[in-house]
Each structure stands twice: as C-alpha cells, then as structure tokens.
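Everything on this sheet refers to the single structure shown next.
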Amino acid sequence: MLDNRGVWVFIEQNDNQIAGVSLELLGAGRKLADKLEVPLAGVLLGDGVKGLCNTVIEYGADEVYVIDDPVLKNYRTETYMAGVYKLCQMYKPEIFLYGATPNGKDLASAVATDLSTGLTADTTMLDVEPESRLLEASRPAFGGNIMATILCKKHRPQMATVRPKVMKALSPDQSRTGRVIEEKIGIKEEDVRTKVMKIVRDVNKKVNLADAHVIVAGGKGLGDEKGFALIHELADVLGATVGASRDVVEAGWIGHEYQVGQTGETVTPKLYFAIGISGAIQHVVGMKNSEMIIAINKDPNATIFDVATYGIVGDALEILPKLIEQFRNA
Ligand code: FAD
C-alpha cells in the first residue's frame, strides 16, 4: 500500500530570486492539493534562501521544506539531487512538480532515476483523480497532433516537469500562514565532484518572448527575408517583440530564440499578431493563451483564424505597410 502524501513543488531560485514558473506551479499545485485534501509544499534549496519561505507561502504553499547551506549556492545536479532525494525519502510526497527549465528538467530526471519512479516531461495540463489519486499529466505527442495523458500507476512520487507560462500563479496573499521545515544536506564542499569555476552570463540575449506584452510574429507567408523585415518594422513602431514560426527560423530569416511554439517559446502576451502564419498545431500550442490574437492571412480557411480574436483576410505584404503607416501617425 502506498503511503505517500502531499503535493510538492520544487522552488527554483537563481541568485535568490524565485523563478516565475515555480510560482505558477504553486498555483497549479494548490488545485491538485485541494482536490486530494492534502497539504501543498514548496521545496526550497539554496544558500541564504530561508527569507524566501514567506513568498512561497504567500503564493499558496501550506509548508516549505528548506535546506539552506553554502554547498547549495549554485545549482549542481549532484548536490540538489542529494537534497531533494533525502527529503523525498523522509517525507514521501505523493506528487512532485518541477518547472520545465534547464535546471528543473535536469533535477527531475536525476531524482526520478534515484527514486525509481516515472516522470512526465514538458507537461502542459495537469489534473488529478481524487478516487484513484492518479496525477493526469498531459502533453503534446506525435508532433503535437495529439495530447497524451500519462499516468504513473505503480510508483511514487508521481513526477512531472511543467512548461513555464502554461499555469497561472495565484495572487500573493500576505495573510496566509504556513509551516517551515528545515533539514540539513549533510554534504561537505570537498566531497562534491562538480565545481563551479565561473558563471558567464549571456548578455547578448536581447529577446525575452516569454515576458513580452505585445508580440508581432511572422510566418512563411511573408515570402522572404525582405517581406519579414515588415514584421520588424511593425514591432518597432508598436514597441513590441518579434516572434516567428519554425519554418521562418529554418529558412534562416531569424534566430531560433524568436521561435514560438512546441519546440520554441510558450508565450502569453496581451496582444499577439500572427502574420502569414498558417496555424499549425505546433505553433498554436505556444501562443493560444495570448489575451488577444490578431491574424492576417490571405487564406480565409487558414486554421490560425480558429484561435484568432480578430482576423484580416488579405495579403500581408499589402496590409503591413498600411498598418505601419497608421500606427506611426497615431
Ligand atoms: P506555412 O505553413 O507555410 O504557412 C504560411 C501561411 O501564410 C499560410 O497559411 C498561407 O495562407 C499564408 N500566406 C501566404 N502568403 C501570404 C501573404 N502574402 N499574406 C498573408 N498570408 C499569406 N512550428 C512552429 O511555428 N513552432 C514550433 O515550435 C514548431 N515545432 C514543431 C515540432 C515538430 C515536432 C514538428 C513536426 C513541427 C513543428 N513546427 C513548429 C512546424 C509546424 O508544423 C509548421 O510547419 C509551421 O508552424 C508552419 O510555419 P508557417 O505557418 O510560417 O508556414
């Protein structure tokens, strides 16, 4: 009989700043914990991170398991895995969620291996069945053509990494109270095989699609790089961020960091322009949660119109110069 209990969220922090995805997962975890009538816990590892426990509680946790130790200053698989593994062995969570970030994916797969349990990667939907207590973790599969719901029937905890920006964080509530449980890692720096020699920050990364409020995204319908230049022009006039479909990236008109979709960024701006983009499912999964979507496409049957708030049927190469002029003079 499985005696695991509680929904856990790994609280990823960088330089003692909690990652947005961890707050989103506290929101998602709260719903699961309420359905199962169990506590929701945040799992916080780092150096000098105790001060973040209150934030974790304000965003929905009932409990915070914290290991605060200089050996956890920078993320390293070896130390973080040891800490998380120890907590799991001691407190036995039923469900454990991680952000699908580079560190979250690395940690979750290492922990799953050590605990001999399953892991659903890159989840975009979560639910739980109160009777069977099974986590229903769904993600696009077969090139995005179907949504697969994956169950972990035998092993505990049931683990999933979840894409940033697909779940909603709760509004912080400073009146919330919770319990902080402190544990020790029991590892000395000299025993750790991995050393962080230097941290090199990518100062050139200009594009931040995930946090953009307005995105002007272009597709193959722009014809060529010259046509795609109109996307940059409209984005400039609106103070927006440029986005692109994968076919545009593959054509070399723009870098991969601008790609929206299943194998690019997931975005939730207030306004998303989809211009000359067909609306393939792999693109749509990355932008369908935008507050407002304006699509321009010369094909009235283009599937992008299925998710658009407003649609303009016409030639983008004729419409864009007019829009740019109008916005410039506005
Ligand atoms: P097209 O499909 O060529 O569509 C161009 C559109 O422009 C058409 O609808 C056409 O009617 C319209 N058009 C043409 N001329 C004009 C004009 N003058 N004015 C206005 N409209 C015009 N794609 C992504 O975008 N992101 C991903 O992350 C992604 N991941 C993928 C992962 C996998 C495993 C696979 C198999 C595919 C993935 N794709 C992804 C690719 C995806 O399936 C589509 O091929 C791609 O999104 C199509 O790009 P597009 O809409 O720009 O081009």
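The values are calculated or read from the model by the stated rules, or taken from the named source; none is laboratory data. Please read these numbers as outputs of a predicted model, since none were measured by experiment. Cβ placement follows ideal geometry from the backbone for every residue including glycine, while neighbour counts extend to all protein chains displayed. Each accessible area value is taken on the protein alone, full model and side chains, heavy atoms only, with ligands, DNA and RNA left out. Shrake-Rupley method; radii C 1.70, N 1.55, O 1.52, S 1.80 Å.
Numbers below:
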read-out	value
Nearest-0.05 FRET efficiency for residue 3 and residue 210, computed from C-beta distance (R0 35 Å)	0.35
Zone residues, segment 310-330, relative to residue 226, backbone N less than 14 Å from point 7 Å out along Cα-to-Cβ	317-318
By accessible area with a 1.4 Å probe, ligands and nucleic acids excluded, highest first: order of 139, 328	328, 139
Rounded Å value of the spacing that divides the Cα centres of segment 2-20 and segment 193-258	30 Å
Residue-averaged [θ]222 nm for the chain, counting only DSSP H segments that reach four residues, each worth -39500 (n - 2.57)	-8500 deg cm²/dmol
Rg over Rh [alpha-carbon atoms, Kirkwood Rh] for segment 212-282	0.92
Charge dipole of the chain about the Cα centre (unit charges at C-beta), most positive-ward option of 208, 197, 26	197
Normalised contact order of segment 1-52, rounded percent, pairs of Cα under 8 Å and 6 or more residues apart	47 percent
Label zone at residue 74 (point 7 Å along Cα-to-Cβ), backbone N below 15 Å, segment 175-195	189-190, 192-195
Relative contact order (percent, whole number), the chain, Cα cutoff 8 Å, 6+ residue spacing	14 percent
In order through segment 266-274: 3J(HN,Hα) via Karplus (6.51 cos²θ - 1.76 cosθ + 1.60), integer Hz, x for Gly, Pro	9, 10, 9, x, 5, 9, 10, 8, 10
Computed E for residue 17/residue 179 - FRET, C-beta separation, R0 25 angstrom, nearest 0.05	0.60
Mean-position separation - Cα centroids, segment 34-76 and segment 124-149, in angstrom	26 Å
Candidate lysines for bridging to residue 198, where Cα separation is under 21 Å - those fewer than 8 sequence places away on the same chain excluded	73, 188
Cα convex hull of the chain - mean projected area over all directions, nm²	19.2 nm²
